[in-house]
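Please read the structure below before turning to the comments.
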Amino acid sequence: MTKMMRLKKDVKEKRELVNIVIDRFLPRKDEYPKVIHKAIRHTLFAGGKRVRPYLTITTYQLFGHMDKKILPLAAALELLHTYTLIHDDLPDLDDDTKRRGKKASHIEFGEDIALLSGDALLLEAFKMMLMVDTEPNFKAELIKEFAEVSGSEGLIGGQVADIKCENKDVTPQEVEYIHLNKTAKMITTSVRYGAMLANARKDDIERVTEYGKCIGLMFQIVDDILDIEGDPHKLGKKTGTDIRSGKATYPKIYGMKKSKEKVNELKTKAKEIIGYYGPKAEYLQKICEYITTRRF
């Protein structure tokens, strides 16, 4: 079995573990009022890659932990991520009709229910955080960071800047801000949480944080590229939406050639950073290839 095959097997196994935790945690789809619980599950179980939970679990294991204590924390990140996808697809934001190969939530259930299902997932994410088995003060620290990263100085701030920069001449600094906040901060937090719950040393947390920033920015630039070059059937959504909306992206600012060079530069840097841990970090090294070569 090749290294990439081993990685894909590991991704699949951890995705299934996270799906089980989420499935058991959320209200059943036939629980009243049924429509909101069906909507919550519609996008959540539409076949997402679960990259963020995977990074959390794998970083936790990097520091010698193999138990299931990390799963609620990993699952909370996926709930938060899916809330952003549902809201992103709404007509007032990115106006996408498909997500993960299925009808976008607002197409299937209407804009009102889609909006509320995203809200519900955000709240369920915080509720899931309370299930993390750790001492109260540390749990409060995790929840505080969770709120900061997802709020107006993080993910939501990135989304606002993304909207306000549409159809405008933007600076490289503005594009960097959007990408770092809209995507990279949550991916960075996914890695940080794995190290933090594993009680890693301060220098280790700093090291994996830098690794997370690299792959987070890399992930968004690859998304920008795939919106131009990707196959909509493999992506599970329309392509060309960034161009039609006048989005501030790396290809728009730097062109396709330099954007791809930036991806390779970030990949090299991320692999060098995590390479500090040697063979133990094999999957965290290979996930860089997985992200940069993905077509979905």
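Quick note: the coordinates plus some simple rules give every number you see, no bench work behind them. Just so you know, these numbers come straight off a predicted model, no measurement behind them. Glycine also receives a Cβ, built like all others from the backbone with ideal geometry; neighbour counts cover every protein chain displayed.
Under a Gaussian network description of the chain, with springs only between Cα atoms under 10 Å, the residue in Thr171, Thr249, Thr59 that fluctuates furthest is Thr171.
Expressed as a fraction of 2.2 N^0.38 Å, the C-alpha radius of gyration for the chain is 0.96. Taking amide H atoms as placed 1.01 Å from N in the peptide plane, the amide H of Lys98 lies under 5 Å from those of Ala104, Lys238, each 5 or more residues away in sequence or on another chain. Of the residues Met196, Met128, Met256, the one that moves most in a GNM of the chain with alpha-carbon contacts below 10 Å is Met256.
By how many nm would the segment from Met1 to Lys168 grow when fully extended, if each residue of separation counts as 0.36 nm and the alpha-carbon distance is taken off?
Gain in length upon complete extension: 55.3 nm.
Comparing Lys164, Lys38, Lys127 in a Gaussian network model of the chain, where Cα atoms under 10 Å apart are tied by springs, the biggest mean-square fluctuation is seen for Lys164. In the chain, the DSSP-assigned H stretches of four residues or longer account for a calculated mean residue ellipticity at 222 nm of -22500 deg cm²/dmol, using -39500 (n - 2.57) per stretch and the full residue count as denominator.
By the scheme Lys and Arg +1, Asp and Glu -1, what is the net charge of all other residues having a beta-carbon under 11 Å from that of Gly154? After counting each charged neighbour, the total is -1. Classified by the C-alpha gyration tensor, segment 144-235 has a prolate form. Its axis ratio a/c, with a ≥ b ≥ c, is 1.5 or above, and a/b is larger than b/c.
Dipole magnitude for segment 215-276: computed about the Cα centre from +1 point charges on Lys and Arg Cβ and -1 point charges on Asp and Glu Cβ, it is near 80 debye.
To the nearest 20 debye, what charge dipole does the chain have about its Cα centre, counting +1 at the Cβ of each Lys and Arg and -1 at the Cβ of each Asp and Glu? Don't skip to the answer; put the middle values down first.
Details: 52 positive and 45 negative charges, 251 e Å.
Its charge dipole is roughly 1200 debye.
Loop-located GluC sites (Glu not before Pro) across segment 119-186 with a Cβ neighbour count of 16 or fewer within 10 Å are Glu153, Glu166, with loop assigned by DSSP. With neighbours defined as other Cβ atoms within 10 Å of a residue's Cβ, the residues Tyr60, Tyr193 order from fewest to most as Tyr60, Tyr193. Once both labels are positioned 7 Å from their Cα atoms along Cα-to-Cβ, the gap between Thr209 and Asp67 label points is 2.6 nm.
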